[in-house]
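Step one of this worksheet: look at the structure below.
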Amino acid sequence: MGKKYYQEDIECAPREEISKWQSEGLVRSVRNAYENSEYYRGKMEEHGVKPSDVKGVEDIHKLPFVSKDDLREAYPYGLLCRPLSECVRIQSTSGTTGRRVIAFYTQHDIDAWEECCARAIVAAGGTRDDVVQVSYGYGLFTGGAGLNGGSHKLGSLTLPMSSGSTERQIQFMQDLGTTILCCTPSYAAYLGETVAEKGLKGTIKLKAGIFGAEAWSEEMRRDIEEKLGIKAYDIYGLTELEGPGVSYECEEQRGMHICEDQFIAEIIDPNTGETMPDGEKGELVFTSLNKEAFPMIRYRTRDICVLSHEKCSCGRTHVRMAKPMGRSDDMLIIKGVNVFPSQIETVLINNGYSPNYQLVVDRVNNADTLDINVEMNQEMFSDTLSEISARERALVGALKGFLGIYARVHLVSPKSIERSEGKAKRVIDKRKLY
């Protein structure tokens, strides 16, 4: 059986064709932003650039960056580039600090977004004969809406479950023969844990999962795959850009293909803003090419990753981005050392612990402290106090060797850390740094 694509002519297009699309789209998007948004026009004029200065991708560096601060400052309508009469939906971030980010969509924007999500489902082995259970949150969160729309585009039977009600989730998997699960990786891990505890693995027909919206490690991927008996695929997106489907994994699982007919991706030095060479690690920046209502011009995602133009054996020609390695804005600096939660998760899973953990960062007497609460499994929980203490010391050593800093480890009882049915809250930072 040959390779499967949702839009083969786009996904496997020659690089020359992709470059042509991107240059045309950039010119169109810049003009749209300049002519229809006073906020964008002001930023460009302040930066000394006009639409006529941008003739193709090679001129993208002339444009100013846009950040989440700009989106909050322009809230709610400052970046809107179409009259409300042409907008059919909004979505919003789930952030809890500052003003929420609101993204607007015309029907054209929604159609393009859903096509990207359909590509992701097909890349994970999906067909119109599959049953797709969408267990991302619905409402303002983009996860449920995006994968729901992508599944519809493909023609799969779609179960709009939203998150939560775990017993019902599993019942529908059994009764309707769900084959593809879409949710956050932390909720997939929770579902896998519940399925394993109840001995139900043999009663479900899942073959693949599409998981995104939060950071997760390769070790967590393998844990989910083993518990649910599936192949787990990564998907990436931001509300500011459209939602999930900006990029997605193919069967090779060696990076996520960015939908380059819809976006230009750059990697920059997060400190200087300078563009980094291909293969170098830096901050990911996106420019939308076809969005009508809410175009994004050089949007700084704060995600740290690497881009690769190496040929992929799946046949897709669009550039791949590595799984984000952390964020330039939520990276923890502890005692002068850069620490990402995903690094700690890797150590925990490699040492036989579950991905249920919590980091507590504080500052005592002007010195940073890091406490890590880690759940034990039932077998560990039955150990003596001295054995548990020995386990804690061993984990302290493993973390010190990997991170280069000391962390206090507290092994806690099974299920004592609150489970997440949405995004997992991994970090509690009690320091008042800003």
* Within the range 363-386, is there a residue that is acidic (Asp, Glu), modelled with pLDDT of 90 or more and within 28 Å of the chain's Cα centre (by Cα)? -> yes
* Structure fact -> Those residues of the range 155-185 which are touching an Asp or Glu at 6+ places or on another chain (Cβ under 8 Å) and of a type outside the set (Ser, Thr, Tyr) amount to Leu157, Gly164, Ile180, Pro185
* Would you mention how many residues in the range 44-69 are farther than 16 Å from Ile264 by Cβ and either surrounded by 20 or more Cβ atoms within 10 Å (Cβ to Cβ) or among the polar types (S, T, N, Q) (or both)? => 3
* Structure fact -> Going through (1) assigned to a helix (DSSP H, G or I); (2) within 30 Å of Glu260 (Cα to Cα) one by one, Met380 fails only at (2)
* Please give the number of the condition Asn351 fails out of (1) open to solvent by 10 Å² or more (accessible area, probe 1.4 Å); (2) modelled with pLDDT of 90 or more; (3) within 21 Å of the chain's Cα centre (by Cα); (4) more than 24 Å from His61 (Cβ to Cβ). => (3)
* To do: Would you please list the contacts, defined by Cβ atoms under 7 Å and residues six or more apart or on different chains, that run from a residue in the range 155-168 that is within 12 Å of Tyr190 (Cβ to Cβ) to a residue that is surrounded by 16 or more Cβ atoms within 10 Å (Cβ to Cβ) and among the aliphatic types (A, V, I, L, M)?
  => Thr166/Leu191
* Could you list all residues from the range 270-327 that are of a type in the set (Val, Ile, Thr) and either farther than 22 Å from Gly243 by Cβ or more than 16 Å from the chain's Cα centre (by Cα) (or both)? => Thr272, Thr275, Thr287, Ile297, Val306, Thr317, Val319
* Among the residues of the range 275-301, how many are in a strand (DSSP E or B) and basic (Lys, Arg)? -> 1
* Restricting attention to the range 153-174, which residues are in contact with a helix residue (DSSP H, G or I) (Cβ under 8 Å, 6 or more places away or on another chain) and among the small types (Gly, Ala, Ser)? -> Ser156, Ser162, Ser163
* Structure fact -> Subset of the range 175-198, residues open to solvent by 20 Å² or more (accessible area, probe 1.4 Å) and either in contact with a helix residue (DSSP H, G or I) (Cβ under 8 Å, 6 or more places away or on another chain) or over 19 Å from Met161 (Cα atoms) (or both), comes to Tyr190, Glu193, Ala196, Glu197, Lys198
* Check whether at least one residue in the range 253-262 is closer than 16 Å to Pro185 by Cα, over 12 Å from the mean Cα position of the chain (by Cα) and not acidic (Asp, Glu), and report yes or no. => yes
* Structure fact -> Within the range 240-270, the count of residues that are of a type outside the set (A, V, I, L, M, F, W, C), over 23 Å from Ile90 (Cα atoms) and touching a Leu at 6+ places or on another chain (Cβ under 8 Å) comes to 1
* **The one condition in (1) assigned to a loop (DSSP other than H, G, I, E, B); (2) of a type outside the set (D, E, K, R); (3) in contact with a helix residue (DSSP H, G or I) (Cβ under 9 Å, 6 or more places away or on another chain); (4) surrounded by fewer than 24 Cβ atoms within 10 Å (Cβ to Cβ) that Leu79 fails to fulfil** => (4)
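The values are calculated or read from the model by the stated rules, or taken from the named source; none is laboratory data. Quick caveat: nothing in here was measured; it's all calculated off a predicted structure. Cβ coordinates were reconstructed from backbone atoms using ideal geometry, including for glycine residues, and neighbour counts include every protein chain displayed. Note: accessible area is taken over every heavy atom of the protein model, side chains too, but ligands, DNA and RNA are not part of it. Shrake-Rupley method; radii C 1.70, N 1.55, O 1.52, S 1.80 Å.
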